[in-house]
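Right, one structure below, let's go through it.
The values are calculated or read from the model by the stated rules, or taken from the named source; none is laboratory data. Computed from a predicted model, the values in this text were never measured in an experiment. Positions of Cβ are generated from backbone atoms using ideal geometry, with glycine treated the same way; all protein chains shown enter the neighbour counts. Just the protein is used for accessible areas: all its heavy atoms, side chains included, with ligands, DNA and RNA removed. Shrake-Rupley method; radii C 1.70, N 1.55, O 1.52, S 1.80 Å.
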Amino acid sequence: MHRKTPRLGQHFLRNREILEKIVTVSEISLSDKVVEIGAGMGDLTEILINNAKEVIAIEIDPALYKILKERFYGRENIKLINQDALKFAYEELGEFKVVSNIPYYITKPIIFRLIETPNLKSMTLTIQKEVAERLSAKPSIKAYSALSIIAQYYTEAEIKFYIPAKFFSPPPEVDSAVIKMDRREKPPVDVSDEKLFFRLIKSAFGQRRKMIGNSLKSIIDEPKDFLMKIGIDPMKRPEELSINDFAYLSNELCKICKK
Ligand code: SAM
């Protein structure tokens with residue numbers, strides 16, 4: 001059966017038990033400022049208000065924003081914002097955490113937007129199961145990708161539990177997972193040129209079936225010779241390289257770029 005995708009990723013999660021579980025795994029406390037992206041009809045928002053110091057609930061849809069305004073009228077620790085969450089000025093908030101059932105069509109841009117915001121402490125997100133598995137994947141498994149390394153460079157990512165599609169109304173086409181991503185104090189590897197490090201990763205995984213000796217041709221002149229010289233097997237595929245391997249490769253490359 002073909003299901004119509006609702007406008008703005010509006011799949012609502014109204015099961016109280018699951019919503020409570022999301023808030024529990026988020027480990028927010030009464031001293032936290034919490035941002036919710038896509039507050040919908042406010043069921044998750046209601047639980048967040050009772051467990052945080054302040055909730056900033058962003059909702060793009062004016063009709064839902066009106067419902068939220070009425071539902072939370074007179075509540076003091078909530079700020080409702082009728083805006084596109086991708087355009088919100090998170091940098092101005094001070095320290096904050098995110099707890100949210102993300103509209104799936106903005107999953108990746110919103111994660112990248114948040115990851116780059118230094119005052120974000122953690123995010124607990126309900127997202128497509130496949131994306132959650134990629135974000136938290138370790139080397140040598142199918143889900144391991146550029147997204148895994150970029151996410152794990154900035155955060156410690158862990159899937160907390162899965163939510164079958166049937167719990168949403170209307171049900172999406174895929175199952176979901178709740179992932180918690182805690183910002184690291186510092187990245188797990190030392191990288192001398194972050195731009196080059198991310199370029200290498202994207203280029204290697206952009207052609208993930210190719211051996212890295214071939215896929216890095218756009219960045220390194222003689223990739224096979226260079227890789228052998230620094231002790232990395234050019235026959236390897238990107239999924240066989242860990243974040244440490246990519247950091248080492250990028251740092252070695254940086255040395256000759258600077259010569
Ligand atoms: N939090 C509610 C829940 O758990 O049932 C709703 C979640 S629903 C998956 C996503 C919500 O995000 C919808 O209410 C939708 O209108 C809103 N939304 C979609 N795109 C948005 C955007 N760019 N910025 C802010 N909210 C957005």
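L135: free of Cβ contacts under 8 Å to residues at least 40 places away in the same chain and either within 16 Å of the ligand (Cβ to nearest atom) or open to solvent by less than 20 Å² (accessible area, probe 1.4 Å) (or both), yes or no? Explain how you work it out, then say what you get.
On the way: free of Cβ contacts under 8 Å to residues at least 40 places away in the same chain: no; either within 16 Å of the ligand (Cβ to nearest atom) or open to solvent by less than 20 Å² (accessible area, probe 1.4 Å) (or both): yes.
No: the conditions fail for L135.
Checked against the criterion of being hydroxyl-bearing (S, T, Y) and under 25 Å from E185 (Cα atoms), segment 73-89 has no qualifying residue. Report whether or not V99 is of a type outside the set (K, R), over 21 Å from P172 (Cα atoms) and under 22 Å from the mean Cα position of the chain (by Cα). Judged against the criteria, V99 is not a match.
Among the residues making up segment 99-137, those that are of a type in the set (S, T, Y) and closer than 15 Å to G38 by Cα are S100, Y104, Y105, T107, T124, T126.
Among the residues of segment 1-27, write down those that are assigned to a loop (DSSP other than H, G, I, E, B), more than 18 Å from S122 (Cβ to Cβ) and out of contact with any helix residue (DSSP H, G or I) (no Cβ under 9 Å at 6 or more places or on another chain). Give the derivation first.
Filtering segment 1-27 down to residues assigned to a loop (DSSP other than H, G, I, E, B) leaves 1-6, 10-11, 14-15, 27.
After this cut, where a residue has to be more than 18 Å from S122 (Cβ to Cβ) as well, the list is 1-6, 10-11, 14-15.
Passing the criteria: M1, H2, R3, K4, P6.
Scan S242, S250, S203, S215 and give me the residue that is at pLDDT below 90 and under 19 Å from I150 (Cα atoms). Working first, answer last.
Values: S242 fails: at pLDDT below 90; S250 fails: at pLDDT below 90; S203 fails: at pLDDT below 90.
One residue alone meets the criteria, S215.
Inspection of segment 28-37 finds no residue satisfying the criterion of being more than 6 Å from the ligand (Cβ to nearest atom), at pLDDT below 95 and part of a loop (DSSP other than H, G, I, E, B).
How many residues are free of Cβ contacts under 8 Å to residues at least 12 places away in the same chain and among the hydrophobic types (A, V, I, L, M, F, W, C) when one looks only at segment 138-171? Residues meeting the conditions: 1.
What number of residues in segment 114-128 are farther than 17 Å from V25 by Cα, surrounded by fewer than 22 Cβ atoms within 10 Å (Cβ to Cβ) and modelled with pLDDT of 95 or more? Total meeting the criteria: 2. Residue-level analysis places F96 outside the set of residues that are at pLDDT 95 or above, closer than 19 Å to E36 by Cβ and open to solvent by 10 Å² or more (accessible area, probe 1.4 Å). Residues that are more than 16 Å from K138 (Cα to Cα), part of a helix (DSSP H, G or I) and hydrophobic (A, V, I, L, M, F, W, C) within segment 209-252 comprise I212, F226, L227, M228, L249, listed in sequence order.
Condition test on A89, is it surrounded by 18 or more Cβ atoms within 10 Å (Cβ to Cβ), farther than 20 Å from Y104 by Cα and out of contact with any helix residue (DSSP H, G or I) (no Cβ under 8 Å at 6 or more places or on another chain)? If you could, list the steps in order and put the result at the bottom.
Details: surrounded by 18 or more Cβ atoms within 10 Å (Cβ to Cβ): no; farther than 20 Å from Y104 by Cα: yes; out of contact with any helix residue (DSSP H, G or I) (no Cβ under 8 Å at 6 or more places or on another chain): yes.
Answer is no for this residue.
Scanning segment 65-86 for residues that are within 7 Å of the ligand (Cβ to nearest atom) and surrounded by 20 or more Cβ atoms within 10 Å (Cβ to Cβ) gives a single hit, A85. Of all residues in segment 40-54, those satisfying the criterion of being open to solvent by less than 10 Å² (accessible area, probe 1.4 Å) and either of a type in the set (D, E, K, R) or within 8 Å of the ligand (Cβ to nearest atom) (or both) are G40, G42, L44, T45.
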